[in-house]
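Here the structure comes first, spelled out in structure tokens, and everything after it is commentary.
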Amino acid sequence: MSITINNINKKYGNQQALSNISFSLKKGEIVGFLGPNGAGKSTLIKIICCYLSQDNGQVEVCNIDTQKQDLLVKSKIGYLPEQNPLYLEMYIQEYLYFIGGIYKVKKLKKRISEIINKTGLNSEKKKKIRELSKGFKQRVGLAAALIHNPEILILDEPTTGLDPNQLVEIRNLIKEVGKEKTVLLSTHIMQEVDKMCNRVIIINKGKIVDDRLISNLKENNIDLEKHFRKLTS
């Protein structure tokens, strides 16, 4: 399995943020991670990415314990947070050289050329990041998340604020990436889960309330948005 989560608990003071969370993800899955604000999505993502420690339970990424080898785990993950942390005064290629250098990517010039092609940045590659539209800034964020060829891609609200054309392009890019990697997509946009994901995990008040294939919802004529509202109301 790419990610295995066993009985994760996390408290902030007296507030139980996560309660006995368990699931696993395998290569080639694009999994939608849904939940209302405050449900525990961001907390769990931070634990998987080794930015936060759980109180108890175990997380393994590519069979590596996140609490024992956090740097190795981070090398296996590409993460695009909701607030895309770009250096706006850098040129696109300059920024990717910087990120690639942090990950010690071999043959970096060749890899940057590959990832610019893959993310559709060729037409903009000589621009500074501040000159780009939001859609192209998201592409730069994805390029940075993919530069070290991670096995797992974690995306937090990657399509928020995009216009319809940008949304379709980013959606297609994520689906293409998902053919060879594990993708965990945190979002509140039901249509994105329906269009991109083959599985959905719903979390509410720190607990997993549903975990099933999208095909199962469709076979049973279950509307995802109504189902979500029922489970999280």
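Values in this text are rule-based calculations from the coordinates and carry no lab data. Keep in mind that what you see is a predicted model, and the values were worked out from it rather than measured. A quick note on method: Cβ atoms are made from the backbone with ideal geometry, for glycine too, and the neighbour counts reach across all protein chains shown.
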Just add up the charged neighbours of L231: K/R +1, D/E -1, any other residue whose Cβ is under 13 Å from the Cβ of L231. +2
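Could you check what % of the DSSP bridge pairs in the chain are antiparallel, to the nearest 5?
Values: 21 of 38 bridges.
Here the share of antiparallel DSSP bridges comes out near 55 percent.
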For the chain, longest principal axis from Cα atoms; helix 108-118 axis from its Cα atoms; angle between them, nearest 10 degrees, is 70 degrees
The exposure ranking of K109, K181, K175, fewest beta-carbon neighbours within 10 Å first, is K109, K175, K181
Whole Å is fine, so just give me how far the alpha carbon centre of the range 1-60 lies from that of the range 197-224. 17 Å
Report the FRET efficiency, 1/(1 + (r/R0)^6), for N7 and N149, where r is their Cβ-Cβ distance and R0 is 35 Å, rounded to 0.05. 0.65
Take the chain, connect every pair of alpha-carbon atoms lying under 10 Å apart with a spring to form a Gaussian network, then pick out the residue of Q69, Q54, Q138 with the largest mean-square fluctuation. Q69
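So if I place +1 on the C-beta of Lys and Arg and -1 on the C-beta of Asp and Glu, and nothing else carries charge, what would the dipole magnitude of the chain be about its Cα centre? I want it in debye, nearest 20.
So the dipole magnitude of the chain works out to roughly 540 debye.
For a 24 Å ceiling on Cα separation, which of these pairs sit above it: K109/K195; K76/K207; K137/K195; K46/K127; K74/K106?
Values: K109/K195 34 Å; K76/K207 26 Å; K137/K195 22 Å; K46/K127 32 Å; K74/K106 17 Å.
From the list (K109/K195; K76/K207; K137/K195; K46/K127; K74/K106), the Cα-Cα distance tops 24 Å for K109/K195; K76/K207; K46/K127.
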Within straight cross-link reach of K181, meaning Cα distance under 15 Å, which aspartates and glutamates are found once same-chain residues fewer than 8 apart are removed? E29, E151
Sorted from fewest to most neighbouring beta carbons within 10 Å, what does the list M196, M1 look like? M1, M196
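For the range 137-233, what class follows from the C-alpha gyration tensor (a ≥ b ≥ c being the square roots of its eigenvalues): rounded when a/c is under 1.5, otherwise prolate if a/b is larger than b/c, else oblate?
On the way: a/c = 1.85, a/b = 1.68, b/c = 1.10.
Taking the square roots of the gyration eigenvalues as a ≥ b ≥ c, the range 137-233 is prolate.
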log₁₀ of I(q)/I(0) at q = 0.13, 0.20, 0.30 Å⁻¹ - the range 176-233, Debye sum with one point per alpha carbon: -0.33, -0.78, -1.48
Remind me, relative contact order of the range 1-82 in percent, using alpha carbon pairs under 8 angstrom and six or more residues apart? 33 percent
If I model a spin label as a point 7 Å beyond the Cα along the Cα-Cβ vector, how far apart are those points for N221 and D194 in nm? 1.6 nm
The chain, Gaussian network, Cα under 10 Å: of G32, G120, G101, the residue fluctuating most is G101
Return the long-range amide H neighbours of L153 (sequence gap of 5 or more, or a different chain), with a cut-off of under 5 Å between placed amide H atoms. G78, T182, V183, L184
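Kindly provide the Kirkwood hydrodynamic radius of the range 51-195 in Å, to one decimal, from all pairs of distinct alpha carbon atoms. Before the final figure, lay out the partial values.
Working: mean 1/r = 0.0626 Å⁻¹.
Kirkwood radius, the range 51-195: 16.0 Å.
Report the local net charge at Q166: Lys and Arg +1, Asp and Glu -1, summed over other residues whose C-beta lies under 12 Å from its C-beta.
So the environment of Q166 carries a net charge of +2.
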Percent RCO, i.e. relative contact order, over the chain, from Cα pairs under 8 Å lying at least 6 residues apart: 28 percent
